[in-house]
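K.L.:
Just passing along the structure, written as structure tokens.
Nothing in this text is a laboratory measurement; each read-out follows from the coordinates by a stated rule. The structure presented is a predicted model; accordingly, all values stated were derived computationally and were not measured. All Cβ positions, glycine included, derive from the backbone under ideal geometry; neighbour counts span all protein chains shown.
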């Protein structure tokens, strides 16, 4: 922060840039007329009245200030409904200590990945080639909100805009899932929605993995903003059965996307379950 000098209207002159020193608004024009076009000289007697000085929040040599979360959040390693059997795949995996939350137990539960673009390239007018991921990378951000105080977020774009496509992928540790010719493993699935950084309608795709039971992919669309209602919360999708290769995916392409509504990538929880649980999503749980 700067303390401005008392002579801040020094470069306001009616004959030069339509400025009026001493007026409540000494330089009212906001176009190029406001530029100072006359000569200047360096000051020789620096003092508070003719130069700016720093206003330091911390004195020189101070220790590093403590991290302070800008957003309200729940307790660290917050299980859905308090069920500690939940396997939680967070967006940081084996992450650093974020605001005092160090999820050392979740690292073995699975992994989260972000994919940008759509694995295609295009040829420019000058005959050079461009890969789509580089567009999407510009619009990936981080925020100190959500599960264990960290999310990634981007913005919603039209359904066909693959250049801005960002896909989040949550995969359980494959060692926990059966082979495709074996009975599948059923989980009650929850998405963690942050208090900030999620406000768009997002499609979550449930992919069972290769299997011989005929189970197919399904999906559920939810409005991250209305479902969270400004607070960290778990949203229950219901049960779904997985085999090796099974995963959940969500991306930021949804009509009518205009590039402004936030799409959050937070944690997903998988709670082992023996029987079917049906919610508003009405997922097609093919398990037996």
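K.L.:
Restricting to DSSP H runs of at least four residues, report the calculated mean residue ellipticity at 222 nm for the chain, -39500 (n - 2.57) per run over all residues, nearest 500 deg cm²/dmol.
P.N.:
Values: 3 runs with 14 residues, N = 288.
Helices in the chain give a 222 nm mean residue ellipticity of -1000 deg cm²/dmol.
K.L.:
Treat the count of other C-beta atoms within 10 Å as a stand-in for reagent exposure and order 234, 170, 36, 42 from fewest to most.
P.N.:
Starting with the residue having the fewest Cβ neighbours, the order is 42, 36, 234, 170.
K.L.:
For 266, 232, which order do you get if you count the other beta carbons within 10 Å of each Cβ and list the fewest first?
P.N.:
With the fewest neighbours first, 266, 232 line up as 232, 266.
K.L.:
Here's another thing I want to ask about it. From the list (1) 1.68; (2) 1.01; (3) 1.42, can you say which value of Cα Rg over 2.2 N^0.38 Å was derived from the structure given?
P.N.:
Label of the calculated value: (3).
K.L.:
Take the alpha carbon gyration tensor of the stretch 1-65, find the square roots of its eigenvalues, order them as a ≥ b ≥ c, and report rounded if a/c is under 1.5; if not, report prolate when a/b exceeds b/c, else oblate.
P.N.:
prolate
K.L.:
On to the next question. Test of understanding: ordering 113, 44 by Cβ neighbours within 10 Å, fewest first, what list do you get?
P.N.:
Least crowded to most crowded, the residues run 44, 113.
K.L.:
So what is the relative contact order of the chain, in percent, for Cα pairs below 8 Å that sit 6 or more residues apart?
P.N.:
19 percent
K.L.:
If I build a Gaussian network model for the chain, linking alpha-carbon pairs within less than 10 angstrom, which residue out of 197, 49, 160 has the largest mean-square fluctuation?
P.N.:
Judging by the Gaussian network model, the answer is 49.
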